[in-house]
Amino acid sequence: MSVDSKNPETIALHAGYRADPTTGAVAVPIYQTTSYQFDSTEHAANLFALKELGNIYTRIMNPTVDVLEQRIAALEGGVAALALGSGQAASAFSIQNIAQSGDNIISSTDLYGGTWNLFANTFKAMGIEVRFVDPAEPKAFAEATDGKTRAYYAETLPNPKLKVFPIAEVAEIGHKLGVPLIMDNTACPVLCRPLDHGASIVIYSTTKYIGGHGTSIGGLVVDGGNFDWEAHSERFPMLNQPDPSYHGAVWTEAVKPMGPIAYIIKMRVTLLRDLGAAMSPFNAFMFLQGLETVPLRIREHSKNAATVANFLSKRDDVTTVIYPTLHADKESKARTAKYLSGGSGGLVGFELKGGSEAGRAFIDSLGMHYHVANIGDARSLAIHPATTTHSQLTPEEQVASGVTDGYVRLSVGIEHIDDILTDLSQALDKAS
Ligand code: PLP
């Protein structure tokens, strides 16, 4: 029996698994195994030739990980997904799957610091050029596109600016020019489904809200199955020309009978095979536990964060509060309303009158909030990005990504709101 639902609360509990066929176990078992017995030599050969899909070796696939992949693909409205060892691996693979030396991608400037580094330095060293454009101007993506452009890349709700990305506007440009839009939806699962707005690929750091309890590092790529790679065969030779690493397979043709999954299958059987950034079955189990309650938690995070943002905006020692519903410009407000539903996420940014010194004093005075380089835990978290997450960026890069000296980022948790406000109040009082 399977459960057919369009509701995230139900999908998060039921998609991709019912009960273990041999034991009846209702919780998804942890298949802690490296390899799988083949039925026969013919069966083994068919699996390796992709004539049949099935388990070969846990670096490439695993039944526990498979449930997580199916569940998140269903939550996003995608056709298939690939879980990876971290969010970093997910963003790197999403691009390396279709771009190689000599190619370029166009990215929003508003990125997580680690992604910025990957794009500006590691990809550069690999010969993949990343052209950064201001997301406030969707047409900048069109202007930067040329025959070697392989993807557009952005975060749905990037911090520190917390301005929602114009997904449909840029996706539409991409559809005209034959360029897929890859969205990092880490900060707002359930609140936004980028595929519904025309994006083609969604990536996650599952480390954050999906895990939700700060226990495991992981990432995931969802294939929307909505991009016609074959129609743009010149732009995507890696999917349309024989792949020498897989006895000359042409991915768009080889997997056609299995559905529009050329992109994600290629990622699994070549990049994951070769680079090995696999998610462990145990971590997949942890993410499945988190996923079950993410629709509930993200609403509670959003409710508490909105209250915190209002509280901060009334304080004299706070000069600026950054929250998706509080932006002064109409465009940003309109994008929040258009793309986020059920809440505006758990992240809040603010600037103290006292600048960097006050920011640091505030963080050092927090009692309940944890001072950590993370977001999305059930617990409330705080950090000073200029001296931590964004410290490897140059001062110019910091400004471009929205990090100023006195900026403090809160990842508002799901504790009782009174306790969150009490801790913030006493720390603010000490810092000012
Ligand atoms: N994307 C976003 C928006 C992030 O915040 C992070 C991590 O902070 C990542 C990607 C990278 O994820 P991970 O730490 O799981 O490698």
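Does region 207-221 contain any residue that is within 16 Å of the ligand (Cβ to nearest atom) and among the basic types (Lys, Arg)? Lay out the reasoning, then the answer.
Filtering region 207-221 for residues within 16 Å of the ligand (Cβ to nearest atom) gives 207-221.
Checking which are among the basic types (Lys, Arg) leaves us with 208.
Checking region 207-221: at least one residue is within 16 Å of the ligand (Cβ to nearest atom) and among the basic types (Lys, Arg).
Set side by side, the residues Ser365, Ser380 differ, and just one is more than 16 Å from the ligand (Cβ to nearest atom) and within 22 Å of the chain's Cα centre (by Cα), which is Ser380.
Note on region 6-47: residues that are hydroxyl-bearing (Ser, Thr, Tyr) and exposed (fewer than 10 other Cβ atoms within 10 Å of the Cβ) amount to 5. Which of the residues that make up region 62-79 are out of contact with any helix residue (DSSP H, G or I) (no Cβ under 7 Å at 6 or more places or on another chain) and under 19 Å from Leu271 (Cα atoms)? Scanning region 62-79 gives Asp66, Glu69. Just to be sure before I move on: is Leu410 crowded, with 22+ Cβ neighbours inside 10 Å, of a type in the set (A, V, I, L, M) and farther than 18 Å from His301 by Cβ in the structure I sent? For Leu410, the condition - crowded, with 22+ Cβ neighbours inside 10 Å, of a type in the set (A, V, I, L, M) and farther than 18 Å from His301 by Cβ - is not met.
Candidates in region 129-169 are the residues that are among the aliphatic types (A, V, I, L, M) and touching a Gly at 6+ places or on another chain (Cβ under 8 Å); of these, the one that is nearest to the ligand (Cβ to nearest atom) is Leu157.
Condition test on Gly342, is it farther than 23 Å from Val190 by Cβ, among the small types (Gly, Ala, Ser), touching a residue at least 12 places away in the same chain (Cβ under 8 Å) and away from the ligand (no atom under 16 Å from the Cβ)? Taking the combined requirement at face value, the residue does not satisfy it.
In region 357-370, the qualifying residues are those that are open to solvent by 40 Å² or more (accessible area, probe 1.4 Å) and in contact with a helix residue (DSSP H, G or I) (Cβ under 8 Å, 6 or more places away or on another chain), and the one that is nearest to Ala386 (Cα to Cα) is Arg360. Can you name every residue in region 145-196 that is within 20 Å of Leu82 (Cα to Cα) and either β-branched (Val, Ile, Thr) or free of Cβ contacts under 8 Å to residues at least 24 places away in the same chain (or both)? Answer for region 145-196, where residues must be within 20 Å of Leu82 (Cα to Cα) and either β-branched (Val, Ile, Thr) or free of Cβ contacts under 8 Å to residues at least 24 places away in the same chain (or both): Thr156, Ile182, Thr186, Val190.
Restricting attention to region 70-96, which residues are of a type in the set (D, E, K, R) and either open to solvent by 20 Å² or more (accessible area, probe 1.4 Å) or away from the ligand (no atom under 16 Å from the Cβ) (or both)? Lay out the reasoning, then the answer.
Start the filter on region 70-96 by keeping residues that are of a type in the set (D, E, K, R), which leaves 71, 76.
Answer for region 70-96, where residues must be of a type in the set (D, E, K, R) and either open to solvent by 20 Å² or more (accessible area, probe 1.4 Å) or away from the ligand (no atom under 16 Å from the Cβ) (or both): just Arg71.
Scanning region 197-212 for residues that are part of a loop (DSSP other than H, G, I, E, B) and within 16 Å of Ser86 (Cβ to Cβ) yields a total of 6. Exactly one residue out of Ala249, Ala309, Ala334, Ala305 is of a type in the set (A, V, I, L, M), more than 30 Å from Asn46 (Cα to Cα) and out of contact with any Phe, Trp or Tyr (no Cβ under 9 Å at 6 or more places or on another chain), and it is Ala334.
When the residues of region 48-68 are narrowed to those that are open to solvent by less than 40 Å² (accessible area, probe 1.4 Å) and not aliphatic (A, V, I, L, M), which ends up nearest to Gly259 (Cα to Cα)? If we take residues in region 48-68 being open to solvent by less than 40 Å² (accessible area, probe 1.4 Å) and not aliphatic (A, V, I, L, M), then Gly54 is nearest to Gly259 (Cα to Cα).
The values are calculated or read from the model by the stated rules, or taken from the named source; none is laboratory data. Every value quoted in this text rests on a predicted model; they were computed, and no experiment measured them. Note that we place each Cβ from the backbone using ideal geometry, even for glycine, and neighbour counts take in every protein chain shown. Remember, those area values only see protein heavy atoms, side chains included, never the ligands or the DNA or RNA. Shrake-Rupley method; radii C 1.70, N 1.55, O 1.52, S 1.80 Å.
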